[in-house]
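The values are calculated or read from the model by the stated rules, or taken from the named source; none is laboratory data. This is a predicted model, so every value here is computed, not measured. Here the Cβ positions follow ideal geometry from the backbone for every residue, glycine too, while neighbour counts run over all protein chains shown. Heavy atoms of the whole protein, side chains included, go into the accessibility calculation; ligands, DNA and RNA do not. Shrake-Rupley method; radii C 1.70, N 1.55, O 1.52, S 1.80 Å.
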Amino acid sequence: PLGPRSIQFDASPWGAGGVLFVSGKPTEFFCHSWGDPETAFFSSVVGDSRFQSLWEFLTLFMSLLLWGEEGATNSTLIQGDNMAALSDAISLRGKGTIPGMNIIARELAWRKASFGWQYRVAHLPKELNMLADALSCAASVPPAPQPVFPASTRQRTAPDLEQVWVTCAAA
């Protein structure tokens, strides 16, 4: 059965954002600007929309790195507005012309099997994905206004992707 937890995520060509909801209320969030670790590893360019599906799938993966293990015993609903990322999370295969999609899919599949991650995915129309969308555009030019969260909402540091890439490269 679907548990009370859900994750909303979004990416822009400049960054990533995700929000963890428990019982419909935002409890944690993260915001990350793309930089050298991602662009070097994926041979990508910050600000280039050709990499949008890669950024979206990477943001979904980052969200699960933060909140997936905590929800291993309950199914977590993952909501985003990018169908390619959602589809890749279901199939555990990267599609498209960007080679990095398969790297993310393999890492997601390994972690899902190893940690027993249980999740469902659902499309969330862009106009309803306002919090994660605003977080993902924090580094855009000009920057998007940042959402205001209740004082009890905890900001998390984005996962250390450089360590993930070291692990991937060694595999």
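Couple of notes before you dig in:
- Computed over protein heavy atoms with a 1.4 angstrom probe, the accessible surface ordering of V121, V164, largest first, is V121, V164.
- Gain upon complete extension [R106, Q146; 0.36 nm per residue less C-alpha separation]: 11.1 nm
- Residue ranking by accessible heavy-atom surface, 1.4 Å probe, largest first, among S53, S23 comes out as S23, S53.
- The alpha carbons of the chain give a radius of gyration and a Dmax of 14.8, 42 Å, in that order.
- Expected 222 nm ellipticity per residue - DSSP helices of 4 or more, -39500 (n - 2.57), all of the chain, to 500: -11500 deg cm²/dmol
- Subtracting the Cα-Cα distance of R50 and S23 from 0.36 nm times their residue separation leaves 6.2 nm of extension gain.
- Within-14-Å neighbourhood charge of M130 [Cβ basis; K, R +1; D, E -1]: -3
- Here is what passes the span test in the chain: the DSSP H helices with alpha carbon length of 20 Å or more along the helix axis and a Kyte-Doolittle mean of 1.0 or above are 52-67.
- Here the chain has 58 percent of its accessible surface on carbon and sulfur atoms, given a 1.4 Å probe and all protein chains in place.
- Shown here for the stretch 1-96: trypsin sites (Lys or Arg not before Pro) in loop regions (DSSP other than H, G, I, E, B) with at most 15 other Cβ atoms within 10 Å, namely R93, K95.
- Listed by chain and number, the lysines placed with their C-alpha closer than 21 angstrom to that of K25 are K126; residues fewer than eight positions away on the same chain are left out.
- The distance separating the Cα centre of the stretch 41-92 from that of the stretch 96-141 comes to 1 Å.
- Shape of the stretch 2-57, Cα gyration tensor, a/c cut at 1.5: prolate
- With 0.36 nm allotted per residue and the present C-alpha distance subtracted, the L92-A122 stretch has 9.3 nm of extension available.
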